[in-house]
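The values are calculated or read from the model by the stated rules, or taken from the named source; none is laboratory data. What you see is a predicted model; the values in this text were computed from it and never measured. Neighbour counts are summed over all protein chains in view; Cβ atoms, including those assigned to glycine, are modelled from backbone coordinates with ideal geometry.
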Amino acid sequence: MKRDTLLRLGVVLILMLAGGLLWRWQVASPDAPAVTLGENFRVWLWDMRGLDVVVQVGLLFVGALGITALLPESAEEAPPQ
């Protein structure tokens with residue numbers, strides 16, 4: 001493997017590990033009553049609406065960038081018909 005590929009793989013693995021640790025810290029607090037993981041996730045997702053809003057804004061931004069990438073930049077640069 002090339003060094004660049006290994007570096008990218010390392011960054012992805014570190015980000016995944018950080019996300020898993022953050023998930024455990026946010027969801028599985030020691031003071032919480034014993035509930036199933038599904039119920040705990042549902043309660044956390046409903047109470048933490050900020051994450052939902054950030055994801056929606058990100059998806060809208062990516063969608064807008066995708067649409068602008070498909071459109072020609074100006075009339076002069078459009079391919080002839």
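What the table below lists for this structure:
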read-out	value
Qualifying residue in the range 60-78 (condition: at pLDDT below 70 and not small (Gly, Ala, Ser))	yes
Any pair with Cβ under 9 angstrom, 6 or more apart, that starts in the range 45-73 at a residue that is of a type outside the set (Lys, Arg) and ends at one that is part of a loop (DSSP other than H, G, I, E, B)	Pro72/Ala78; Pro72/Pro79
